[in-house]
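*Asks:* Starting off with a structure, shown below.
Here, each number is a calculation from the coordinates, and none is a lab measurement. Being a predicted model, the structure only gives us computed values, none of them experimental. Cβ coordinates were reconstructed from backbone atoms using ideal geometry, including for glycine residues, and neighbour counts include every protein chain displayed.
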Amino acid sequence: MKIRIKGNSIRMRLTRPEVEEFGRTGYLEERTEVGNQLFIYALRRDSTATELSASFTGIKMSMLVPPSMAAEWTTTERVGYENNIDTGNGKKLFLLLEKDFKCLDAPAHEDQSENFDNPNKVC
């Protein structure tokens, strides 16, 4: 699972095996160690969620997916979902959840064998 955070946007991209695991378990988690600190980011199927949303508690940032959305995303060709969340301070948080496609011009050092085939054949 890849995460990209830029300003008020969070993007998660999952490989084919990760999408399959999320479909089975409803949960994925990655951990990044920064010195002696830990940052955890997770994708979680949440029965109380009505839209793609996020939470941040302690050292964990989670993207929350409603069950119906999770089922559609993991069993169809649907690429992803996005949402703008009102943060309550006049700003929005943009969320994007998507399947990770193979990039035709990617660096040779990046293994893309588990990525989805790119339907456009260009990046």
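*Asks:* Quickly work out the Lys92-to-Glu72 label distance, labels modelled 7 Å from Cα along the C-beta direction, and quote it in nm with one decimal.
*Replies:* 1.9 nm
*Asks:* Report the dimensions of the range 2-99 along its three principal axes from the alpha-carbon atoms, largest first, rounded to Å.
*Replies:* 36, 34, 23
*Asks:* Please compute the net charge surrounding Ala42, taking Lys and Arg as +1 and Asp and Glu as -1 over other residues with Cβ under 10 Å from its Cβ. Present the calculation step by step, with values, prior to reporting the outcome.
*Replies:* Working: positive: Arg31, Arg44, Lys60; negative: Glu29, Glu30.
Overall, the nearby charge balance is +1.
*Asks:* Here is a further query. What would the Debye equation give as log₁₀ I(q)/I(0) for the range 28-84 at q = 0.19, 0.20, 0.27 Å⁻¹, counting only Cα atoms as equal point scatterers?
*Replies:* Results for the range 28-84 at q = 0.19, 0.20, 0.27 Å⁻¹ read -0.71, -0.76, -1.09.
*Asks:* Counting other C-beta atoms within 10 Å, which of Thr57, Thr15 has the fewest, and how do the rest follow?
*Replies:* Thr57, Thr15
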